[in-house]
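Some notes on the structure that comes next.
The values are calculated or read from the model by the stated rules, or taken from the named source; none is laboratory data. None of the values given here were measured: they were computed from a predicted structure. Methodologically, a virtual Cβ is constructed for each residue, glycine included, from the backbone with ideal geometry; neighbour enumeration extends over all protein chains shown.
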Amino acid sequence: MKNIAGIPENGKKENIEDFCDLINDLHHEKITLKKATTKDKATVIEINYNLNKVQHVEQKRAKKITKAISAKQCFIILANTKAVGFVLFDYRFFDQGWIELMIIAEKYRRQGIVQTLDLISKQAKTNKVFTSTNQSNGPMQKALSKAGFTFAGELIGLDDGDPELFYYKKMEK
């Protein structure tokens, strides 16, 4: 017999854990990627601008995003059907898959970044995908580890006092 929550009245731990997993799944939105088109340009630029206006202007991100969309190297991250971020992905890093930039709206961080890394890696035409993050970005380092990326090395000098950490993931092809 089950109670109102659907948990068997014997209250066995594995049944409660299954129920908790079900509830968690209901709260997580389905993460997918969509290749950005010129129609999506304003949405992608807005996501980036809203996250960090100063960086957006200083790093000329609108121009970078426009170029990536034209080259079919920009993917929109969708939570269900809502655009919540984007990824710039190409093959400029020693002809290997390269996640150049991943931006996710603050509200959606830590709610599917590992899925996003998996999805972008699976679409790569190469057997390795590389990316990097700053040493100060602990959450991204943790997400990369969870997504199966391996630390590859460190580069000092790009950002003063904040080394760039490089990671890669081998893909089954």
Study note, to complete from the structure: Of (1) under 24 Å from N50 (Cβ atoms); (2) without any contact (Cβ under 8 Å) to a residue 24 or more places away in the chain, L158 fails just (1)
**Study point:** Filter result (exposed (fewer than 15 other Cβ atoms within 10 Å of the Cβ), over 14 Å from the mean Cα position of the chain (by Cα) and more than 17 Å from L101 (Cα to Cα)) within the stretch 117-153
**Key:** K125, N127, T150, F151, A152, G153
Review point. Within the group I65, I77, I99, which residue is surrounded by 21 or more Cβ atoms within 10 Å (Cβ to Cβ) and either among the acidic types (D, E) or closer than 16 Å to K125 by Cα (or both)?
Key: I99
Study note, to complete from the structure: For the stretch 97-118, pairs from a residue that is over 13 Å from V129 (Cα atoms) to a residue that is aliphatic (A, V, I, L, M) and at pLDDT below 85, with Cβ under 7 Å and 6 or more apart or across chains, are I103/L51; I104/I113; A105/L51; E106/L51
**Study point:** In the stretch 35-48, the residues that are surrounded by fewer than 16 Cβ atoms within 10 Å (Cβ to Cβ) and either closer than 14 Å to A105 by Cα or modelled with pLDDT under 90 (or both)
**Key:** T43, E46
Practice item. Output the number of residues of the stretch 115-162 satisfying the condition of being assigned to a loop (DSSP other than H, G, I, E, B) and in contact with a Gly (Cβ under 8 Å, 6 or more places away or on another chain). Key: 3
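Of all residues in the stretch 102-114, count the ones that are part of a helix (DSSP H, G or I) and surrounded by 20 or more Cβ atoms within 10 Å (Cβ to Cβ). Outline the logic, then answer.
Residues of the stretch 102-114 that are part of a helix (DSSP H, G or I), as a first pass: 106-108, 113-114.
If we keep only those that are surrounded by 20 or more Cβ atoms within 10 Å (Cβ to Cβ) as well, we get 113.
Residues flagged as part of a helix (DSSP H, G or I) and surrounded by 20 or more Cβ atoms within 10 Å (Cβ to Cβ) within the stretch 102-114 amount to 1.
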Practice item. Considering only the stretch 157-173, state which residues are hydrophobic (A, V, I, L, M, F, W, C) and at pLDDT 95 or above. Key: L165, F166
